[in-house]
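As structure tokens, the structure follows; a few thoughts come after it.
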Amino acid sequence: MSAALNAMVLAAGKGTRMGALSDTTPKPLVPVAGVPLLDRILAHLDKAGCAKAVVNVHHLADQIEAHLAPHVEAGHVMISDERDALLETGGGVKKALPMLGRDPIYVINSDALWVDGDKGTLKRLATAFDPARMDVLLLLVPTADALGYDGAGDFIPAGDATEPTPITFRADAPSAPVMFGGIQVVKPTLYDDMPEGKWSNVEIFRKASSAGRLYGLLHTCHWMHVGTPEAIKAAEDKLAELGAD
């Protein structure tokens, strides 16, 4: 597929694991090495040729809207307002879909920070997405290498995932070799029969999995989850080590 997909950036969460910092600064605007997380994502989207991004807002929504005002005025970003009710990841995407169209889209968690390999991560996902075989393509990160992540992993790939491969949930296994890196390409049609309101995007993954159409692709460079104050410092140290901006 073309890499010029529209995008949904999930920026409405309360960021409670950030502690007192989240009382005054929404997590998407937390700076890492001087650059807010949200700006890093928008830069990746611009590099991938994304024409339109929708950003949802709830916690400290006025700050995010003010920060994005130049992008909105330029016509590159639209706001999905969830001030009245936080809809979680799945409900948030469903609410925003009228602004995003019917073609496959990127959905990106605002606390994911990544460094591209030789080929841009977003372009690589979009190019690898095959709508004839896939409903969802997830970016996968080796569990042991996921900086800032302390879980047991999410998925078990059918292959080594250096090329798109079917994946299954970890389920009752004590651990899994890869975790979801917070970036996906998904068909909007999966949301058509899903309810309005608050629910998780995991339900979309389960829907695709039950049809044998949930795939994953392994990230080829560095990835960081920035969900806590400690993770900010760890990410900054890693970027400095890599000589990355």
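A few remarks follow.
- Residue check: residue 167 meets all listed conditions (1) more than 16 Å from the chain's Cα centre (by Cα); (2) within 17 Å of residue 222 (Cα to Cα); (3) crowded, with 21+ Cβ neighbours inside 10 Å; (4) not charged (D, E, K, R) but one, namely (2).
- Within the range 61-89, being in a helix (DSSP H, G or I) and either surrounded by 24 or more Cβ atoms within 10 Å (Cβ to Cβ) or hydrophobic (A, V, I, L, M, F, W, C) (or both) holds for 61, 64, 66, 68, 69, 72.
- One residue alone among 231, 208, 235 is in contact with a His (Cβ under 8 Å, 6 or more places away or on another chain), aliphatic (A, V, I, L, M) and surrounded by 18 or more Cβ atoms within 10 Å (Cβ to Cβ), and that residue is 231.
- For the range 56-73, the count of residues that are within 16 Å of the chain's Cα centre (by Cα) and either farther than 24 Å from residue 101 by Cβ or of a type in the set (A, V, I, L, M, F, W, C) (or both) is nonzero.
- The residues in the range 133-151 that are assigned to a loop (DSSP other than H, G, I, E, B), crowded, with 16+ Cβ neighbours inside 10 Å and not acidic (Asp, Glu) can be counted, and the count is 4.
- Of note, residue 19 satisfies the criterion of being closer than 16 Å to residue 111 by Cβ, among the small types (Gly, Ala, Ser) and surrounded by fewer than 15 Cβ atoms within 10 Å (Cβ to Cβ).
- In the condition set (1) closer than 26 Å to residue 90 by Cβ; (2) at pLDDT 95 or above; (3) out of contact with any His (no Cβ under 6 Å at 6 or more places or on another chain), residue 26 is compliant with all but (3).
- Within the range 152-164, the set of residues being closer than 29 Å to residue 46 by Cβ, of a type in the set (D, E, K, R) and surrounded by fewer than 19 Cβ atoms within 10 Å (Cβ to Cβ) comprises just one member, 163.
- One residue alone among 202, 136 is β-branched (Val, Ile, Thr) and either more than 16 Å from residue 93 (Cα to Cα) or touching a strand residue (DSSP E or B) at 6+ places or on another chain (Cβ under 6 Å) (or both), and that residue is 136.
- For the range 189-218, the set of residues classified as closer than 27 Å to residue 118 by Cα and touching a Phe, Trp or Tyr at 6+ places or on another chain (Cβ under 7 Å) consists of 214, 216, listed by residue number.
- Lone qualifier among 56, 6 - being of a type in the set (S, T, N, Q), within 21 Å of residue 203 (Cβ to Cβ) and touching a Leu at 6+ places or on another chain (Cβ under 9 Å): 56
- Top-ranked residue of the range 98-125 - restricted to ones that are out of contact with any Lys or Arg (no Cβ under 7 Å at 6 or more places or on another chain) and in a strand (DSSP E or B), ranked as farthest from residue 9 (Cα to Cα): 114
- Contacts under 9 angstrom Cβ, first residue in the range 38-64 being free of Cβ contacts under 8 Å to residues at least 40 places away in the same chain and under 20 Å from residue 181 (Cα atoms), partner basic (Lys, Arg) and in a helix (DSSP H, G or I), 6 or more apart: none
The values are calculated or read from the model by the stated rules, or taken from the named source; none is laboratory data. Bear in mind the structure is a predicted one, so any value in this text is a computation, not a measurement. Glycine gets a Cβ as well: all are built from the backbone with ideal geometry, and neighbour counts include every protein chain shown.
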